Amino acid sequence: MTAIKKIVLVDDDETIRKTFTLLLGKKYRVVSLKDPRQALSQLKGARADLVIADYKLPFFNGMELIKKLRENGFEGEAMLITAHPDEVRTQDMGRFAISHFFVKPLDLNDLNLSIDRVLQPKNPLEPAA
């Protein structure tokens, strides 16, 4: 039996948090947080398969959050969402192993498909794409 994958969403917008929980909660365990400091403290020693962070957050941005999580040993997948794509530096995405970023307003179908692809079990017998 496959364990249910855990997604941590960090966004200060309550509507986004509720939407993600409704959209993804049927297939994944979703933990939604409004503050990057909460994410840092809750993920210390805890496992998550995917962190999705808004770029614009109170205290520090989503890119900085993912950087700090990586420094603390987080090895899972990471994605950004933003209403300000011109502020996201793609070279930093590569440095912090952020696989995707999505622009608000979000296309929920594309987002859902990308999350499914990132979190589906990898078949070791399949050739790499």
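Listed by chain and number, the lysines placed with their C-alpha closer than 19 angstrom to that of Lys56 are Lys18, Lys34, Lys67, Lys68, Lys104; residues fewer than eight positions away on the same chain are left out.
Of the residues Pro58, Pro105, Pro36, the one that moves most in a GNM of the chain with alpha-carbon contacts below 10 Å is Pro105. Basic side chains Lys and Arg get +1 at the Cβ, acidic Asp and Glu get -1 at the Cβ, and with that the dipole of the chain about its Cα centre reaches some 480 debye. Taking other C-beta atoms within 10 Å as the exposure proxy, Ile66, Ile115, Ile4, Ile16 rank Ile4, Ile16, Ile115, Ile66 from fewest upward. The trypsin sites (Lys or Arg not before Pro) of the range 47-120 meeting both criteria, a DSSP state outside H, G, I, E and B (loop) and at most 13 other C-beta atoms within 10 angstrom of the site's C-beta, are Arg47, Arg89.
Computed over neighbours whose Cβ is under 12 Å from that of Ala48, the net charge equals +2, Lys and Arg +1, Asp and Glu -1. Just to confirm the filter: which chymotrypsin sites (Phe, Trp or Tyr not before Pro) across the range 1-107 are DSSP coil and have at most 14 other Cβ within 10 angstrom of their Cβ? Answer by residue number: Phe59, Phe60. Going from the fewest other Cβ atoms within 10 Å to the most, the residues Thr19, Thr90 appear in the order Thr90, Thr19. Using a cutoff of 8 angstrom between alpha carbon atoms and counting only pairs six or more residues apart, the relative contact order for the chain works out to 21 percent.
Between Gly94, Gly62, Gly25, the residue with the greatest mean-square fluctuation in the GNM of the chain (Cα pairs under 10 Å linked by springs) is Gly94.
All of the numbers you see were taken from the coordinates with simple rules; none came from a lab. Just so it is clear, the model here is predicted, and its values are computed rather than measured. Because the Cβ atoms are built from the backbone with ideal geometry, glycine has one as well, and the counts that use them run over all protein chains shown.
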